[in-house]
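The values are calculated or read from the model by the stated rules, or taken from the named source; none is laboratory data. This is a predicted model, so every value here is computed, not measured. We place every Cβ from the backbone using ideal geometry, glycine too, and count neighbours over all the protein chains shown. Please note that ligands, DNA and RNA were not included when accessible areas were found on the heavy atoms of the full protein model with its side chains. Shrake-Rupley method; radii C 1.70, N 1.55, O 1.52, S 1.80 Å.
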Amino acid sequence: METRSRTAEVPMVPRMTEDPARLVPELADVSAALFKVTGNGSVPRPTISLVQLRAGQIVGSTYLTVLHTGFLRKAGQPEERITSVASWQDSPYFTAAERAALALVEAVLTPATEGERVSDDLYARAAEHYGPKALATLMFAIGQVNFFVAVALIAKPVPGRSFTDPWN
């Protein structure tokens, strides 16, 4: 198995040369449904993007990190909020609701050394800020980014390329 040093240049070509969505066209319906679910308006779009940016950071995906950073910039989010997602716990730029959402994505994506990943206390804190539909939407937003984590880590699309065509 070939390993690359951490200081080596990373090639600007995808690992998987064919677009997985073209190989498996059924993905289009699933992807569209996930975007529709997370865009139902019950959770502010910036909150979803913050959560998905944090997911990309946690799993170590440059593609997802660049993608969701770009979405936040296009939505007019201040740089301070975008750049402090990695250290959200001590950043003054997030609301209590956003903090609960960020805590949820961290709990889901970080293995617990003991007990449940999402504790009853964390669930209760999130439920203080999000009604049932919004909490379900937030749950699906975390699931949506997780759905694409495998694509980002295995196929390795090129960061910074168009969201709709990262394989060119």
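Values for this structure:
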read-out	value
Residue in the stretch 42-64 that is within 20 Å of L102 (Cβ to Cβ) and touching a Gly at 6+ places or on another chain (Cβ under 6 Å) present	yes
Residue count for the stretch 113-152, restricted to those that are free of Cβ contacts under 8 Å to residues at least 24 places away in the same chain and among the basic types (K, R)	1
Residues that are open to solvent by less than 20 Å² (accessible area, probe 1.4 Å) and either among the β-branched types (V, I, T) or in a helix (DSSP H, G or I) (or both), drawn from the stretch 56-66	G56, L64
Subset of the stretch 13-36 that is within 15 Å of the chain's Cα centre (by Cα) and surrounded by fewer than 16 Cβ atoms within 10 Å (Cβ to Cβ) - its residue that is modelled with the highest pLDDT	F35
Selection within the stretch 10-55 - hydrophobic (A, V, I, L, M, F, W, C), outside any helix (DSSP H, G or I) and under 19 Å from L104 (Cβ atoms)	V43
Conditions (1) touching a helix residue (DSSP H, G or I) at 6+ places or on another chain (Cβ under 9 Å); (2) open to solvent by 20 Å² or more (accessible area, probe 1.4 Å); (3) under 27 Å from K36 (Cβ atoms); (4) not charged (D, E, K, R): number failed by I142	(2)
Pick from the stretch 91-112, criterion in contact (Cβ under 8 Å) with a residue 40 or more places away in the chain and β-branched (V, I, T), ranking: surrounded by the most Cβ atoms within 10 Å (Cβ to Cβ)	V105
Selection count where residues are more than 22 Å from R117 (Cβ to Cβ) and without any contact (Cβ under 8 Å) to a residue 12 or more places away in the chain, scope the stretch 78-89	3
Residues of the stretch 74-86 satisfying the condition of being open to solvent by 50 Å² or more (accessible area, probe 1.4 Å) and either polar (S, T, N, Q) or within 19 Å of F35 (Cβ to Cβ) (or both)	K74, A75, T83
